[in-house]
Ligand SMILES: [Zn+2]
Ligand SMILES: [Zn+2]
């Protein structure tokens, strides 16, 4: 079979490999579709603190072709999607129900969806494989990224109000926009590129505001004018230190600021302390997702009005995976679907 292999930053090749066989508890799928993801692009560009080089890709859907010994809850022929990780259920975080913070979350990650066949390890297969039951492959493949977004929204509850400001127009920024709209919020999307803001507008954003790094003070004033004093919720989804530092300035008194994107290891940010204290801002971090979030994502994806398909820039054959990452590296496209 064909399989993508990332041996070092930007060293991506397609190689011939043996079709994987399932050990006890494992599942092997024929990949139907794999989606590119910001995490993959980060790994491609500079490696990832928690993920090894080698097998590449984690979002997708497939059809089960083989089951390892003892897998009784799934069947050959089922169309499925999955989360790439699963909790150990033994560590202190798991014991407290904070399974997204499992100490051993990255011990066995299911990687390798940019391939004709893909093996799902036993820990993931046991709890984080989800039959699609009629959901399309494209919508099904959004379970993992949307689950991460819905996890963040669970942390935001109760919402302090209905004005939501989203910083960033990557796939995750758009998924936050869709969730905000599904909840009847008014939305402001801030981004750098005109064509990305145009898509946010088409998706129904109440306001779209271009950002120019030299004019943060002006942008803050503009957002405060549009929201009559600041947004109730500000979601940072750019992964840029300057935007982390700007986000609290856009919030209303009593507002919540959610830092959704991760910064590089060791990075620090500074916050205007008077706003945090005197305006009682709530600052929240959000990381990854839980089983409950995946089920919530599946439910959302069954709503036809939730327009995730709009985030697919193009559908390409798997053999073009190298050129697809070259394009993503140049900033072209939001998400690509790769089909073996
Ligand atoms: Zn992902
Ligand atoms: Zn654990």
Overall Cα dimensions of region 207-340 - principal axes, largest extent first, Å: 55, 36, 33
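Taking the square root of 5 times each eigenvalue of the Cα gyration tensor, what semi-axes in Å does the equivalent ellipsoid of region 256-317 have, largest first?
Numbers: eigenvalues 219, 61, 35 Å².
Calculated on Cα positions only, the semi-axes equal 33, 17, 13 Å.
What does the extension gain come out to for residue 89 and residue 218, with contour length at 0.36 nm per residue minus their alpha carbon separation?
Going from the current span to full extension adds 41.6 nm.
Pairs of Cα atoms under 8 Å, at least six residues apart: use those to get the relative contact order of region 155-285, whole percent. Before the final figure, lay out the partial values.
Working: 249 pairs, mean separation 31.7, N = 131.
Relative contact order comes out at 24 percent.
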Out of all DSSP beta bridges in the chain, what portion is antiparallel? Express it as a percent rounded to 5. 50 percent
Under the 7 Å Cα-to-Cβ spin-label approximation, residue 280 and residue 30 lie apart by a distance in nanometres of 5.9 nm
Provide the gained length on full extension for the span residue 1 to residue 46, in nm with one decimal, where the gain is 0.36 nm per separating residue minus the Cα-Cα distance. 13.5 nm
Say each of residue 23 and residue 241 gets a label point 7 Å from the Cα, pointing the same way as Cα to Cβ; how far apart are those two points in nm? 4.2 nm
Along principal axes, largest first, the alpha-carbon spread of the chain in whole Å comes out as 59, 43, 41
Quick check: convex hull over the Cα atoms of region 1-105, volume per residue in Å³, rounded to an integer? 122 Å³
Computed over the Cα atoms, what is the radius of gyration of region 71-218 divided by 2.2 N^0.38 Å, N being its residue count? 1.28
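Kindly identify region 17-71 as rounded, prolate or oblate by the Cα gyration tensor criterion: order the square roots of the eigenvalues as a ≥ b ≥ c, call it rounded if a/c is under 1.5, otherwise compare a/b with b/c, prolate if a/b is larger, else oblate. It would help to have the intermediate numbers written out before the result.
Details: a/c = 2.67, a/b = 1.89, b/c = 1.41.
Cα axes put region 17-71 in the prolate bin.
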Which residue, 112, 239, 57, tops the fluctuation ranking in a GNM of the chain built on C-alpha contacts under 10 Å? 239
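Relative contact order for the chain: what is it in percent, counting Cα pairs under 8 Å that are at least 6 residues apart? Present the calculation step by step, with values, prior to reporting the outcome.
Numbers: 720 pairs, mean separation 61.4, N = 340.
Relative contact order, the chain: 18 percent.
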Indicate the gyration tensor shape class of region 141-206 (rounded, prolate or oblate), computed on the Cα atoms with a ≥ b ≥ c the square roots of the eigenvalues: a/c under 1.5 is rounded; otherwise a/b larger than b/c is prolate and the rest oblate. oblate
What full-extension length gain, to one decimal in nm, is calculated for residue 323 and residue 108 as 0.36 nm per residue of separation minus the Cα-Cα distance? 74.6 nm
Region 114-167 - Debye-derived log10 I(q)/I(0), Cα point model, q = 0.24, 0.29 Å⁻¹: -1.11, -1.26
Let me know the shape class of region 180-240, please: from the alpha-carbon gyration tensor, a ≥ b ≥ c as square roots of the eigenvalues, rounded when a/c is under 1.5, otherwise prolate if a/b is greater than b/c, or oblate. oblate
On the formula 1/(1 + (r/R0)^6), with r taken between the Cβ atoms of residue 314 and residue 201 and R0 of 25 Å, the FRET efficiency rounded to 0.05 is 0.75
Over its Cα atoms, what ratio of radius of gyration to 2.2 N^0.38 Å does region 155-285 give? 0.95
Take residue 14 and residue 263, extend 7 Å from each Cα along the Cα→Cβ direction, and tell me the distance between the two endpoints in nm. 4.0 nm
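Bear in mind these aren't lab numbers, they're just calculated from the coordinates by the rules spelled out. Fair warning: this is a prediction, and the values are worked out from it, not measured in the lab. All Cβ positions, even for glycine, are placed from backbone atoms using ideal geometry, and neighbour counts span all protein chains on display.
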